[in-house]
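Take a look at the structure set out below.
The values are calculated or read from the model by the stated rules, or taken from the named source; none is laboratory data. Just so you know, these numbers come straight off a predicted model, no measurement behind them. In this analysis, Cβ positions are derived from the backbone assuming ideal geometry, glycine residues included, and neighbour counts consider all displayed protein chains.
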Amino acid sequence: MENKNFECPQPNREHYEPIKPQVSRRQLLRVAAAGFAALGLSVQAEMASAASKRVKAAKTSAIPLRGVKGFTLNGQFIIITQPRKGVFKAFSGSCTHQGVRMSSVQGSDVVCSAHGSKFSATTGKVTSGPAMTALKTYKVTVSKGDIYVTV
Ligand code: FES
């Protein structure tokens, strides 16, 4: 049986005037997107800086001129080269082909003994394959005869 005396509990909406937003939805979304992007980037940068630290790696005298030496720093295998007198470079010591650790130099290149890939001891770029990707580089600073690597 139908109740014909039913009254809607909603208030009378005749005088209801919707509030018009000061900013369009599109503007709001743009601002929000920019805010999230900035926040995301700053969080990423903060995480990267929190994860990396400056580590004392070796005395400058420990790295032979036009040579290479490997170290485990902050849990990563790093190689340090001295391609020119007093110039020190640090790279990931794992070959980008199949991850074999490298620790020898031929001429001006770091050489992987597994399949013969070569990387510039100055830039870490591939000079001969099969590796296709350059070695990751690390920031090096020298102070009072000590080499520091930011890993
Ligand atoms: S792992 Fe270095 S060349 Fe293959």
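Key figures for this structure:
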read-out: Elements of type strands (runs of 3 or more DSSP E) in the range 49-89, at least 1 residues being within 20 Å of K125 (Cα to Cα); value: 68-73, 76-84
read-out: Any chance S61 is more than 11 Å from the ligand (Cβ to nearest atom), loosely packed, with under 12 Cβ neighbours inside 10 Å and either in the same structural domain as S143 (by TED's automatic domain parsing) or at positive phi (or both); value: yes
read-out: Close pairs from the range 107-134: first outside the structural domain of G86 (by TED's automatic domain parsing), partner surrounded by 14 or more Cβ atoms within 10 Å (Cβ to Cβ), Cβ under 8 Å, at least 6 apart; value: none
read-out: Members of the range 90-134 found to be under 18 Å from the mean Cα position of the chain (by Cα) and either more than 12 Å from the ligand (Cβ to nearest atom) or outside any loop (DSSP other than H, G, I, E, B) (or both), listed by number; value: A90, F91, S92, S94, T123, G124, K125, A134
